[in-house]
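S.K.: I am attaching a structure below and will ask some questions about it afterwards.
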Amino acid sequence: MNERKQIKAVGMLSGGLDSTLAVRVMLEQGIQVTALHFRTGFSYPRRDRETGAPLPSDAERAAEMLGVPLEIIEVPEDYIPVVLHPRFGYGSGMNPCVDCRIFLLRQAKAWMETHGHHFVLTGEVAGQRPKSQMRPTLKTVERESGLEGYLLRPLSARLLEPTIPEQRGWVDRGRLYAIEGRGRKEQIALAAEFGITGYAQPSGGCCYLIHQTYSRRLRDFLDREGEEALNAAQAQLLAVGRHLRLESGRKVIVGRHERENDYLESCDMPGVLLATPDHPGPVTLVPGEPTREEIEQAARFTAGYSDGQDEPAVRVEVRRGGGPVEVITVKPLPREEAQALMV
Ligand code: SF4
């Protein structure tokens, strides 16, 4: 029996091109790979553009194409401290990429140990990202994750020190790669060689934390509501709708389309819901216990973003919890005025 077939690796799979290729390179060498994908609570679910129906994630599609088992591990609450207090700081947004990798690789190490696997592999490429993938950082991530010697980056391995899988001959270093830098030409050529098509964009693309709008809202949330208020539900809510802050400091969230309206109605966040019964328009959520004046202001936003925006007065339904619906009539607020309050 080929001894390499008994070697099992844990593959960190985002479903982007690099992690897909890294797994594929290992399969070529006869290594058995189990793919792990972590849901941090800070990433976009994939949806059908027309119907909004949930689609298989990039990781699920990639695992199926590669023919490897996939374990999806949810870590949203444990991940929050990583976002709040990153030892190695943030990237261009609120993305704590170095700490994020360390955290996820520690989880992968624990999984590897309890499931009798031999090493962990990632699709990281040396020098690809300004901070988190520079060579010294790759070393830091390896050390801090507790995986020293057991973390293989097949796409850049020949530029890095040989790992234990290479030293022990589990993996043939001569058939690993020396890809470096931000260009993706080599990966695209390798994908063509392996017949890999339809791959997702680079992995960070679906992480909320690298986006400026999300990062701004998160900073605002932490400043106003405090760190202890951040939980998985709040993290998701920060990605939904238009977010406005009233002068009083109260947050108002206005849905931008049907899917967001449905989300705001069903998310079970304590607060007040507003909608315009006579005109197509948004659902608005005012979290917490807003005052009468705050509800009236939120009603004016709701009317201003509805199809009744040019009417002199618009009726707005106000619902608090499962209580009765109250109807108030307000003058729609021009959108440019609401814009000035946008977070
Ligand atoms: S982009 Fe997001 S998911 Fe990717 S390493 Fe950075 S923080 Fe983590």
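Bear in mind these aren't lab numbers, they're just calculated from the coordinates by the rules spelled out. These numbers come from a predicted model, not from an experiment. Because the Cβ atoms are built from the backbone with ideal geometry, glycine has one as well, and the counts that use them run over all protein chains shown.
S.K.: Can you pull the one-decimal nm distance between simple spin-label points at Ala229 and Glu247, each 7 Å off the Cα toward Cβ?
M.R.: A separation of 2.0 nm, rounded to one decimal place.
S.K.: Divide by every residue of the chain the summed helix terms, -39500 (n - 2.57) for each DSSP H run of at least 4, and state the resulting mean residue ellipticity at 222 nm, rounded to the nearest 500 deg cm²/dmol.
M.R.: -10000 deg cm²/dmol
S.K.: Is segment 240-339 best put as rounded, prolate or oblate by its Cα gyration tensor, with a ≥ b ≥ c the root eigenvalues, rounded for a/c under 1.5, and otherwise prolate when a/b is larger than b/c, oblate when not?
M.R.: It comes out rounded by the Cα gyration axes.
S.K.: In whole angstrom, note down how far apart the Cα centers of segment 241-258 and segment 73-149 are.
M.R.: Rounded to whole Å, the Cα centres lie 34 Å apart.
S.K.: Among 140-148, 236-244, how do they line up by average Cβ neighbours within 10 Å per residue, starting with the highest?
M.R.: Descending packing order for the listed peptides: 236-244, 140-148.
S.K.: Taking amide hydrogens as modeled 1.01 Å from N in the peptide plane, which residues meet the under 5 Å criterion relative to Ala9, leaving out close sequence neighbours?
M.R.: Excluding prolines and chain starts, which carry no amide H, the hits are Gln32, Val33, Thr34, His118.
S.K.: Okay, moving on. Under the rule a/c < 1.5 gives rounded, and otherwise a/b versus b/c splits prolate from oblate, where does segment 1-152 land using the Cα gyration tensor?
M.R.: Verdict is oblate for segment 1-152.
S.K.: Please give the peptides 15-26, 175-186 ranked by average Cβ packing (other Cβ atoms within 10 Å per residue), highest first, as a rough proxy for protection.
M.R.: Put in order of decreasing packing, that is 15-26, 175-186.
S.K.: Show me 92-104, 257-269 ranked by packing, highest mean number of other Cβ atoms within 10 Å first.
M.R.: So the order, starting with the most tightly packed, is 92-104, 257-269.
S.K.: Pull up the DSSP beta bridges for the chain and report the antiparallel fraction as a percent, rounded to 5.
M.R.: 55 percent
S.K.: Under 5 Å between amide hydrogens, which residues at least 5 positions from Val272 or on another chain qualify, with H placed 1.01 Å from N in the peptide plane?
M.R.: Val286, Gly288
S.K.: Compute the Cα gyration tensor for segment 88-165, then decide on rounded, prolate or oblate, letting a ≥ b ≥ c be the square roots of its eigenvalues: rounded whenever a/c is under 1.5, prolate when a/b is larger than b/c in the other cases, and oblate in all that remain.
M.R.: oblate
S.K.: So, in nm, how far is label Glu326 from label Ala178 when the simple model puts each one 7 Å beyond its Cα toward the Cβ?
M.R.: My value for the distance between the label points is 7.3 nm.
S.K.: While we're looking at this one, here's another question. Given the convex hull of the Cα atoms of segment 151-254, what is a quarter of its surface area in nm²?
M.R.: Its average projected convex-hull area is 10.8 nm².
S.K.: Can I ask one more? Whole-Å semi-axes of the chain's equivalent ellipsoid, largest first, each the root of 5 times a Cα gyration tensor eigenvalue?
M.R.: Sorted largest first and rounded, they come to 47, 19, 17 Å.
S.K.: Sticking with this structure for a sec: Could you point to the residue in Val83, Leu230, Gly308 farthest towards the positive end of the chain's charge dipole, with +1 and -1 charges on the Cβ of Lys/Arg and Asp/Glu respectively?
M.R.: Val83
S.K.: Among bridges DSSP assigns within segment 240-339, what percent are antiparallel (round to 5)?
M.R.: 100 percent
S.K.: Here's a follow-up. Sequence-distant or interchain residues sharing an amide H contact under 5 Å with Ser43, placed H: which?
M.R.: It is Tyr208, by chain and number.
S.K.: Relative to the Cα centre, what is the charge dipole magnitude of segment 240-339, using +1 at the beta carbon of each Lys and Arg, -1 at the beta carbon of each Asp and Glu, and rounding to the nearest 20 debye?
M.R.: Dipole size: approximately 220 debye.
S.K.: What nm value, rounded to one decimal, do you get for the distance between Ile72 and Arg135 when each label is placed 7 Å out toward the C-beta?
M.R.: Once both label points are built, they end up 3.9 nm from each other.
S.K.: For segment 3-206, what is the charge dipole size about the Cα centre, in debye to the nearest 20, if Lys and Arg each add +1 at the Cβ and Asp and Glu each add -1 at the Cβ?
M.R.: Approximately 460 debye in magnitude.
S.K.: Multiply the residue separation of Glu148 and Gln32 by 0.36 nm, subtract the distance between their alpha-carbon atoms, and state the gained length in nm to one decimal.
M.R.: 39.7 nm
S.K.: Multiplying the sequence separation of Glu50 and Glu337 by 0.36 nm and subtracting their Cα-Cα distance, what value in nm do you get?
M.R.: 100.2 nm is the gain from fully extending Glu50 to Glu337.
S.K.: Continuing with this model, one more query. Using 0.36 nm times the number of residues separating His257 and Glu113, minus their current alpha carbon distance, what extension gain do you get?
M.R.: Stretched out fully, the His257 to Glu113 stretch lengthens by 47.3 nm.
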